[in-house]
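One structure is given here, and the rest of the page talks about it.
The values are calculated or read from the model by the stated rules, or taken from the named source; none is laboratory data. Just so you know, these numbers come straight off a predicted model, no measurement behind them. Methodologically, a virtual Cβ is constructed for each residue, glycine included, from the backbone with ideal geometry; neighbour enumeration extends over all protein chains shown. Please note that ligands, DNA and RNA were not included when accessible areas were found on the heavy atoms of the full protein model with its side chains. Shrake-Rupley method; radii C 1.70, N 1.55, O 1.52, S 1.80 Å.
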Amino acid sequence: MTDHSELEADLSAQIEAAADLEALEGLRVAALGKAGVVSALLRSLGQMSPEARKTEGPAINGLRDRLTAKIGARKAALEEAALEAELEAGRLDLSLPAPPRRRGQVHPTLQVMDEMIAIFAEMGFSVAEGPDIEDDFHNFTALNFPPRHPAREMHDTFFLKPGADGERKLLRTHTSPIQVRVMRRTNVAVGAPQFEVFQDPPIRIVGPGRVYRCDSDATHTPMFHQLEGLVIDKAIHMGHLKWTLDAFVRRFFEADNVVTRFRPHHFPFTEPSAEMDVQCDRSAGQVKIGAGSDWLEILGGGMVHPNILANCGLDPDEWQGFAFGLGVDRLAMLKYGMPDLRDFFAADVRWLGHYGFSAFADPNPASGLS
Ligand code: PHE
C-alpha cells in the first residue's frame, strides 16, 4: 500500500493555513479538481490489479473524504471570520454624539406676518395679494393722489424704465393698491392671474406684501413689508376701525394693558385719516410695550375716501368702510426687541440664527420666541 500520509499532512497543513476563501479554493482545485493530485490517484485505481485496488481504493477514497471535510470546515471558518470582520467594520456606536443638524430659520418678518394674518383670520379677514411691480393707476391715480404729490416723484419712488407704450411701471410704495385690486372689477392686467382678486362687497381682507421707497436709516429700508386692511360694508364707521386695531394690538403684543392713541393725519385715499401710536417705554435702550410714557407710530388708517369707492365702481352712497396699513417689520422690531431695521435684510445668517424662528414652532400666533 502506498503511503499517502505525507501528502495528506502537507495538504492538511496548507488547508489550515489558507488565509482566505480564494486561497482555499485554489487548494481545493489543486487537490480535488479534475487535474488535482487526489483525483489523479483516484484515476490510477483503474490501472491497478484487483488486489492492489482492494487496499488502495479505501485508502485513496478515505484521503479524498478527509480532505473534502477539512476544506469544508476551513471554508466555514473563513466565511464566519469574514462576516465577523464585516460586522465589526460597520458597527454602529450608538453612544456617539449625533452630527449637528443644520435647519433653516424662519425670518422674523415672515413669522410676524404669519402671526398678524392669523390674528386677522380669526376676526374673519381673508388674504388678498397684489404684484410688487405696479402701475401708476393702482399705486397712485385710483387712490386719489393729486398729480403733483411728492410720492409720485423720483426721490420717493422707484420707477422702472418706460415700456413701449411710454408707461412707467414702479415698485409699489405701499400695499394700498391691493385695495383697488380687490374693489375694482375691471382690473388693468398687471402681473400674474393670482392678482385678479376682485370681490363683491361686503369685503373684509388683509393684504400682506413687500413695498419699496427710496429711504434708508435705522428705521427705514428701501424694501420693507406692510399689511393692508380693508373692510367695506353698509354701516362701517371709524369706531369699528379703532376696535379692530385695538383688539389686534392687544393680541399681537400679548398684553391687555396696551394703550393706543389715534392722531389726525392725512392720506389722499382716506377721510378722515389717522395714524395710530402705541404707548411704550423707550428708556432702557429697549422698547417695552404696556408701560412708560413714549409713543410709537405703527400704522396709518382711516375711512375709505368716497373717490376711491367711485374709482373702483362702488357707489359711495351705498358702501363705506375703513382701511389701514400696518408696518410689519416695525411690529417685529417692537415685539422682539430688534434695534436696527437694516439688519433685517443684510442676509447675515448669524443674525437670522439669533432672531430667526423654528419652522416647526407652535402655530399659535400668541406664542413667542422659540
Ligand atoms: N398706505 C399708507 C402708507 O403706506 C397707509 C395707509 C393704508 C393709510 C390704508 C390709510 C389707509 O403710509
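The sole residue among Pro150, Pro177 that is open to solvent by 60 Å² or more (accessible area, probe 1.4 Å), in the same structural domain as Ile308 (by TED's automatic domain parsing) and within 16 Å of the ligand (Cβ to nearest atom) is Pro150. Which residue out of Ala128, Ala151 is small (Gly, Ala, Ser) and in contact (Cβ under 8 Å) with a residue 60 or more places away in the chain? None of the other options fit; the residue is Ala128.
Mind checking whether some residue in the range 87-103 is in contact (Cβ under 8 Å) with a residue 40 or more places away in the chain and either buried (at least 16 other Cβ atoms within 10 Å of the Cβ) or assigned by TED's automatic domain parsing to the domain that holds Leu45 (or both)? No - not one qualifying residue is present in the range 87-103. May I ask you to verify whether Asn139 is within 24 Å of Glu196 (Cβ to Cβ), without any contact (Cβ under 8 Å) to a residue 40 or more places away in the chain, within 15 Å of the ligand (Cβ to nearest atom) and assigned by TED's automatic domain parsing to the domain that holds Pro306? Yes: the conditions hold for Asn139. Just one of (1) on the phi > 0 side of the Ramachandran plot; (2) buried (at least 19 other Cβ atoms within 10 Å of the Cβ); (3) at pLDDT below 85 trips up Leu341, so point out which. It is condition (1) that Leu341 fails.
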